[in-house]
Amino acid sequence: MINSGLRIIVTGMVAQYPVGGVAWDYLPYVIGLARLGHDVFYHEDTWCWPYHPLNKTMTDDGSYSARYLNNFFERFAPELAMRWHYLHLHETSYGMRRTDFDEIARTADLFINVSGASMLPELLSTRCLKVFIDTDPGYNQIILSERPTWSENVERWCSSVLAHDRYFSYAENIGAPDCGIPTVGLNWRTTRMPVVLDLWEQFAANASTSAPWSTVMTWNVFKGTVEYAGAEYHGKSVEFHKIMGLPRSLDRGFRLAIGGTKAPVEQLSAHGWAVVDGPTVTLTAADYQDYIIGSRGEISVAKDIYVALRTGWFSGRSACYLAAARPIVVQDTGFTKFIPTGMGAHAFSTKEQAEEALAAVERDYAVQAQAARELARTHFHSANVLGKLIDDVYAE
């Protein structure tokens, strides 16, 4: 493993979308790398108006987002409370002073751009390795390849991505014969979501038998048509119809926390799903944990684009369920090549397979829950995932 002590800047979209699931997508990178002994800072500069989840609108005011970041670090990683910088609309600094962050940028060894969310800092050291982490596989590569006109500032974003030195993807099947992702001439290595396990340990107890199977999801996410090589790809809504009737088949509770637009709430409710507003019930990082711990396990589909292209993508949300000792029954994207299934984690392609998996979990729930936690430890532990990431960055 690379010696500790690297100065690392990690980016994300927590200030842009200040809700619990997004916080757990990005900030474990900061905590996990710091625990490996690195000198880590969180930075966000998306140039975008942030979403205000209470007002349910985009806003030109960055103060709510700044408080959100501050509250997360104070609660979950107080040792990092003075190590974040939010550059709102590329103008106003929150957290660290701009001059202090500029000095960090001038002396950084690694810039880890998770999701390609942030623009590259203007004063970033010329010797700093810039690492792009693709968390939305298939979509990002198609945007790079096709550059659709509906994608706002697409040329600027593509230029920013191509300015990186290393490329990693959550598509663990990328480059395989059965994977349809275009590699767009880049050398992709693979990685996965890191989970800081001890932040979930307090929840690792069996769920109530009356707790519902659940997930958190965005119904529609693409702003335009996503096409590649004559095929069109979609988000989760297309895939969810495959399991729409699940609650009618099984005598159990099922709950959906949904964000996004145009979700058919009445139709979902008629099929037996308890539907709640996702951004509201998972507003903070703690709310997100409470939602998961109040669940029997996760039942979820993946985006159509992940399934159709056989990406091998695995959800960071599902990794959190596993860390909380909550078994998962999730749609197969090809990830079964890389993560064992059958105990703690189950993959399905059809409604019937999902029913069988749910029944298998319920037959021996305590053992399945323990297996879920063990999968989190062996496959998503931040020390292992991020240690390998740093080693792979410097392996070229």
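The values are calculated or read from the model by the stated rules, or taken from the named source; none is laboratory data. All values derive from a computational prediction rather than experimental measurement. Every residue, glycine among them, receives a Cβ derived from its backbone with ideal geometry; neighbour counts consider all protein chains shown. Areas reflect the complete protein model, heavy atoms only, side chains present, ligands, DNA and RNA absent. Shrake-Rupley method; radii C 1.70, N 1.55, O 1.52, S 1.80 Å.
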- [ ] List every residue pair whose Cβ atoms sit under 8 Å apart, with the two residues 6 or more apart in sequence or on different chains, where the first one lies in the stretch 20-42 and is free of Cβ contacts under 8 Å to residues at least 60 places away in the same chain and farther than 16 Å from Ile133 by Cβ and the second, anywhere, is of a type in the set (Asp, Glu) and outside any strand (DSSP E or B).
- [x] Ala34/Glu79
Task: Filter result for Asp61 (farther than 27 Å from Leu389 by Cβ and either in contact with a Lys or Arg (Cβ under 6 Å, 6 or more places away or on another chain) or modelled with pLDDT of 95 or more (or both)) - done: yes
Task: Test: Phe111 is outside any loop (DSSP other than H, G, I, E, B), in contact (Cβ under 8 Å) with a residue 60 or more places away in the chain, touching a Cys at 6+ places or on another chain (Cβ under 6 Å) and not β-branched (Val, Ile, Thr) - done: yes
Task: Every residue from the stretch 159-177 that is without any contact (Cβ under 8 Å) to a residue 60 or more places away in the chain, within 20 Å of Thr311 (Cα to Cα) and open to solvent by 20 Å² or more (accessible area, probe 1.4 Å) - done: Gly175, Pro177
Open item on the list: Cβ-Cβ distance below 6 Å, separation of 6 or more or different chains: which pairs start in the stretch 322-340 with a residue that is at positive phi and end on one that is open to solvent by 10 Å² or more (accessible area, probe 1.4 Å) and assigned to a helix (DSSP H, G or I)?
Closed with: Ala325/Arg373
TODO: Select from the stretch 1-41 the residues that are closer than 23 Å to Arg106 by Cβ and under 15 Å from the mean Cα position of the chain (by Cα) and write down the one among them that is surrounded by the fewest Cβ atoms within 10 Å (Cβ to Cβ).
DONE: Tyr29
- [ ] Hey, could you check the stretch 247-262 for residues that are crowded, with 21+ Cβ neighbours inside 10 Å and hydrophobic (A, V, I, L, M, F, W, C) and say which is farthest from Gly294 (Cα to Cα)?
- [x] Ile258
Open item on the list: For the stretch 133-147: of the residues being of a type outside the set (Val, Ile, Thr) and either in a helix (DSSP H, G or I) or at pLDDT below 95 (or both), which is nearest to Asp45 (Cα to Cα)?
Closed with: Asn140
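Could you tell me whether any residue of the stretch 115-132 is of a type in the set (A, V, I, L, M, F, W, C), part of a loop (DSSP other than H, G, I, E, B) and closer than 30 Å to Phe240 by Cβ? Working first, answer last.
Here is the first cut: in the stretch 115-132, the ones of a type in the set (A, V, I, L, M, F, W, C) are 117, 119-120, 123-124, 128-129, 131-132.
Applying the additional criterion that residues be part of a loop (DSSP other than H, G, I, E, B) yields 117, 119-120, 123-124, 128.
Filter once more, keeping what is closer than 30 Å to Phe240 by Cβ: 117.
Yes: the stretch 115-132 contains one or more residues that are of a type in the set (A, V, I, L, M, F, W, C), part of a loop (DSSP other than H, G, I, E, B) and closer than 30 Å to Phe240 by Cβ.
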Task: Failed criterion for Asp277 (all others in (1) of a type in the set (D, E, K, R); (2) surrounded by 15 or more Cβ atoms within 10 Å (Cβ to Cβ); (3) in contact (Cβ under 8 Å) with a residue 40 or more places away in the chain hold) - done: (3)
Open item on the list: If Ala286 satisfies all but one of (1) in a helix (DSSP H, G or I); (2) among the hydrophobic types (A, V, I, L, M, F, W, C); (3) surrounded by 21 or more Cβ atoms within 10 Å (Cβ to Cβ), what's the number of the condition it fails?
Closed with: (3)
- [ ] Scan the stretch 308-338 for residues that are assigned to a strand (DSSP E or B) and in contact with a His (Cβ under 9 Å, 6 or more places away or on another chain) and jot them down.
- [x] Ile328, Val329, Val330
